[in-house]
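Accompanying notes for the structure given below.
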Amino acid sequence: MKQALIIALFAAFTALLPLFIGEENPYIIGIMISVLMMAALSSAWNIIGGFAGQFSFGHAAYFGAGAYTTLILIYSFELNPLIGAAAGMVVAALIALITGSIVFGLRGHYFALASIAVAEIIRLSVLNFEFTGGAQGILLANVTLWGLDLNSKTPFYYGMLLLLVVTLTVTEYLRKSKTGYYLQAIREDQDAASSLGINLALYKNRALLISALLTSVAGSLYALYIRFIDTSAVLDLRLSIEIILTAIIGGVGTLWGPVLGALLLVPLAEALRSNMIGDALVKLGLVSETSSVGIFLNDNLAHAHVLVYGIITVLCILYLPKGILGLFRRVK
Amino acid sequence: MLFLQALVSGILSGGVYALAGIGMSLVFGVMNISNFAHGDLMMLGMYLAYFAFTLLHIDPYLALLLIIPVSFLFGFILEKVFIHRVIDHPHQNQILLTIGLGLIMSNTALLAFTSDPKILTTTYSSSAINTASGLSISVPLLLSFVITSVITAVLYLFLAKSSTGMALRATSQNREAAQLMGINVAKMSAIAFGIGTALAATAGALIAPTYYIHPLAGHSFLLKSFTICVLGGLGSVVGAGVGGIIIGVVESMAATYISTDWKDVVVFVLFLTVLLFRPQGLFGKKGGQ
């Protein structure tokens, strides 16, 4: 009950934020949409990765399933975006069930490896097929839904927020349900869980399915928001790793860890990408813009955000394996 | 004829895959760690060969005499500084740590060497031997296959006969028991990771004359190495050797009879098929772990 109240307060607060920032700041709203999306993605991943302890390294496949199915149906058949999103969920569910049925009988390293293999098969197939736009991707001029203008950012801000709130609510509900207890039992000790009569494959599949459906909705929203997708944007292994990393940094297996992780990582990546850090060093007079160091920073820092992700991952695993929220809970 | 050509090319390129796969399998066997930085270590080997060639004017195959000890040392240090700290952690932490290290390596390479692909052109890079029966055998592929075979044989003898090799195998079979028998398992882990790194870098150097050298070139080899390990049975060195040849042939056949675009897909489908029907691999002993 307490958590439900906090989720409601969080939703109300976040829903009011754009009123203070205003439409004249589309850049800030854009970053906030990215934060909400990564928080939703990472929370959805947390259901299978955090609570069931099955680390999926291929969640980009579900995101891409939502994104590609939605845009292909609009582009080729001019269907309503909602039908596209629903179809995306069906595709994601199929991928999840196929992956699950292959690997959930196995343990340890296998699920991680197989999830990557499935995601790579999908990425390469999308790249090689023609109806998916191949290497060029799909570009959509504009999208309308019931006369609503989908060119502004505001509907997507609230769409992503709604998805995040739903994901958090589902997570909290699951955590307190029988399924949630079974999942945590599986995470802690598979053999013990199995010997108590818990059907391992059934519950793992259930968790993966829920996680995949939520991830595919995020993919659909993203595709409608950006209106351009290609395999490197929505199906890349890098995206899967970013989703995991966000959860790890905030705290795997906690309700708010992924949200915290997204709040930290997305603005950091944005600051690196737009070279804010290099500019700040110049403005502070620490580095001269025309010096060789300044030119190097200017040319390269924008590409360095993945390097920073790598360094954060290593430091986090070595010194903070339970994430930032893990610091505050000694007894689990 | 087409079939024979695809078979020969497959076996020859499979030799290099086998080397990469053996390196990963050894690390997996001794340390029980899936090394996700393996592909990036291969990429470093490619760049080492490239710079040995352009700066020091050493032939990439001769440069192996330099690359092998340097990369062994690099792997040994990597294990001592980072990997050994997660050896008792859950496997997902190990995977994430090696992914992080891989990201650091590939993106440092991206910053240092830019994303422009480099090409290492030796005098024999595109030369081929044409047999009387019409087969065309690429000289660099043939050379690398011969070198691979020699290295594999030496490694096999080392593991089978030397006392360090036996200690490595004992650690691989049962870490606790090996420790009780007085084997320094921490040292064995570092040696195994060093050998794994050296094999990855060697494989990278061997393909350098026939591939685009690029900071992200290792990624496709990472998944291929995993496929080889699973096919041969995780931890089985002989299995990985045979697995490498099989993957080389499957890939070459897929490229010949389906299309080059789909050859990686065929390899991954094979990977899932093995997981589904024979998860212990073709030569694995332990099932389902």
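Taken over the stretch A:7-31, the criterion of being surrounded by fewer than 14 Cβ atoms within 10 Å (Cβ to Cβ) and either within 23 Å of A:Thr254 (Cα to Cα) or touching a Pro at 6+ places or on another chain (Cβ under 8 Å) (or both) is satisfied by A:Ala8, A:Leu9, A:Ala12, A:Phe13.
Looking only at residues that are polar (S, T, N, Q) and touching a Gly at 6+ places or on another chain (Cβ under 8 Å) in the stretch B:204-249, which one is nearest to B:Leu12 (Cα to Cα)? In this case the residue turns out to be B:Ser225. What are the residue pairs meeting all of these: first residue in the stretch A:150-162, first residue farther than 18 Å from A:Phe10 by Cα, second residue hydrophobic (A, V, I, L, M, F, W, C) and at pLDDT 80 or above, Cβ atoms under 7 Å, and 6 or more apart or on different chains? As it stands, the answer is A:Leu150/A:Leu224; A:Lys153/A:Ile29; A:Lys153/A:Ile33, since those pairs meet every condition given.
Quick one: in the stretch B:230-246, of everything that is more than 9 Å from every other protein chain (Cβ to nearest Cβ) and hydrophobic (A, V, I, L, M, F, W, C), which residue is surrounded by the most Cβ atoms within 10 Å (Cβ to Cβ)? Spell out how you get there, then give the answer.
Of the residues in the stretch B:230-246, the ones more than 9 Å from every other protein chain (Cβ to nearest Cβ) are B:231-233, B:235-246.
Adding the requirement that they be hydrophobic (A, V, I, L, M, F, W, C) leaves B:231, B:237-238, B:240, B:242, B:245-246.
On the way: B:Leu231: 29, B:Val237: 22, B:Val238: 15, B:Ala240: 33, B:Val242: 20, B:Ile245: 21, B:Ile246: 22.
The selected residue is B:Ala240.
Output the residue which, of all residues in the stretch B:1-47 that are among the hydroxyl-bearing types (Ser, Thr, Tyr) and within 11 Å of the chain's Cα centre (by Cα), is surrounded by the fewest Cβ atoms within 10 Å (Cβ to Cβ). Lay out the reasoning, then the answer.
Keep residues of the stretch B:1-47 that are among the hydroxyl-bearing types (Ser, Thr, Tyr), which gives B:9, B:13, B:17, B:25, B:34, B:47.
Then drop every residue that is not within 11 Å of the chain's Cα centre (by Cα), which leaves B:17, B:25.
Details: B:Tyr17: 28, B:Ser25: 32.
This residue is B:Tyr17.
I'd like to know if the stretch B:80-90 contains one or more residues that are aliphatic (A, V, I, L, M) and at the interface with chain A (Cβ under 7 Å from one of its Cβ atoms). There is at least one residue in the stretch B:80-90 that is aliphatic (A, V, I, L, M) and at the interface with chain A (Cβ under 7 Å from one of its Cβ atoms).
Can you name the residue in the stretch A:247-278 that is closer than 28 Å to A:Gly133 by Cβ and touching a residue at least 40 places away in the same chain (Cβ under 8 Å) and is also surrounded by the most Cβ atoms within 10 Å (Cβ to Cβ) among such residues? Ranking the qualifying residues of the stretch A:247-278, first place goes to A:Val266.
Within the stretch A:226-240, can you find the residues that are surrounded by fewer than 23 Cβ atoms within 10 Å (Cβ to Cβ), part of a helix (DSSP H, G or I) and in contact (Cβ under 8 Å) with a residue 60 or more places away in the chain? Spell out how you get there, then give the answer.
Quick first cut of the stretch A:226-240, residues surrounded by fewer than 23 Cβ atoms within 10 Å (Cβ to Cβ) only: A:226-228, A:230-233, A:236-239.
Among the residues that remain, those that are also part of a helix (DSSP H, G or I) are: A:226, A:231-233, A:237-239.
Once the filter is applied, which keeps residues that are surrounded by fewer than 23 Cβ atoms within 10 Å (Cβ to Cβ), part of a helix (DSSP H, G or I) and in contact (Cβ under 8 Å) with a residue 60 or more places away in the chain, the stretch A:226-240 yields A:Thr231, A:Ala233, A:Leu237, A:Arg238, A:Leu239.
Of the helices (runs of 4 or more DSSP H) that lie entirely inside the stretch B:161-266, those containing 3 or more residues that are in contact with a Cys (Cβ under 9 Å, 6 or more places away or on another chain) span B:237-257.
The rows are residues; the columns are (1) more than 19 Å from the chain's Cα centre (by Cα); (2) over 19 Å from A:Leu79 (Cα atoms); (3) at the interface with chain B (Cβ under 10 Å from one of its Cβ atoms); (4) at pLDDT 85 or above.
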site	(1), (2), (3), (4)
A:Ile116	no, yes, yes, yes
A:Ala119	no, yes, yes, yes
A:Ser125	yes, yes, yes, yes
A:Asn128	yes, yes, yes, yes
A:Gly133	yes, no, no, no
A:Asn142	yes, no, no, no
A:Leu145	yes, no, no, no
A:Leu150	yes, no, no, no
A:Thr154	yes, yes, no, no
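Filter the stretch A:46-76 down to the residues that are among the aromatic types (Phe, Trp, Tyr) and under 21 Å from A:Leu224 (Cβ atoms), then identify the one that is farthest from the other protein chains (Cβ to nearest Cβ). Spell out how you get there, then give the answer.
First pass over the stretch A:46-76, keeping only residues among the aromatic types (Phe, Trp, Tyr): A:51, A:55, A:57, A:62-63, A:68, A:75.
After this cut, where a residue has to be under 21 Å from A:Leu224 (Cβ atoms) as well, the list is A:62-63, A:68, A:75.
On the way: A:Tyr62: 17, A:Phe63: 18, A:Tyr68: 17, A:Tyr75: 22 Å.
Applying the filter and picking the extreme gives A:Tyr75.
The lone criterion from (1) farther than 25 Å from B:Ala190 by Cβ; (2) without any contact (Cβ under 8 Å) to a residue 24 or more places away in the chain; (3) more than 10 Å from chain A (Cβ to nearest Cβ) left unmet by B:Lys161 is number (1). Looking across the stretch B:247-276 at every residue that is under 20 Å from A:Phe129 (Cβ atoms) and polar (S, T, N, Q), the one that is surrounded by the fewest Cβ atoms within 10 Å (Cβ to Cβ) is identified as B:Thr260. Annotation: A:Asn46 fulfils all but one of (1) touching a strand residue (DSSP E or B) at 6+ places or on another chain (Cβ under 8 Å); (2) within 28 Å of A:Tyr203 (Cα to Cα); (3) of a type outside the set (A, V, I, L, M, F, W, C); the unmet one is (1).
From the list B:Ser126, B:Ser138, B:Ser133, B:Ser115, the lone residue that is surrounded by 15 or more Cβ atoms within 10 Å (Cβ to Cβ), at pLDDT below 90 and of a type outside the set (Phe, Trp, Tyr) is B:Ser138.
Scanning the stretch B:119-166 for residues that are closer than 14 Å to B:Ile22 by Cα and of a type in the set (S, T, N, Q) gives B:Thr148, B:Ser149, B:Thr152. Specify which of the listed residues (B:Leu110, B:Leu101) is aliphatic (A, V, I, L, M), surrounded by 13 or more Cβ atoms within 10 Å (Cβ to Cβ), at the interface with chain A (Cβ under 9 Å from one of its Cβ atoms) and in contact with a His (Cβ under 7 Å, 6 or more places away or on another chain). Being aliphatic (A, V, I, L, M), surrounded by 13 or more Cβ atoms within 10 Å (Cβ to Cβ), at the interface with chain A (Cβ under 9 Å from one of its Cβ atoms) and in contact with a His (Cβ under 7 Å, 6 or more places away or on another chain) holds for just one of B:Leu110, B:Leu101, which is B:Leu110.
If you filter the stretch A:77-114 down to residues that are more than 9 Å from chain B (Cβ to nearest Cβ), free of Cβ contacts under 8 Å to residues at least 60 places away in the same chain and not β-branched (Val, Ile, Thr), you find that the one that is surrounded by the fewest Cβ atoms within 10 Å (Cβ to Cβ) is A:Glu78.
The values are calculated or read from the model by the stated rules, or taken from the named source; none is laboratory data. Every value quoted in this text rests on a predicted model; they were computed, and no experiment measured them. Virtual Cβ from ideal backbone geometry, glycine too; neighbours counted across all protein chains shown.
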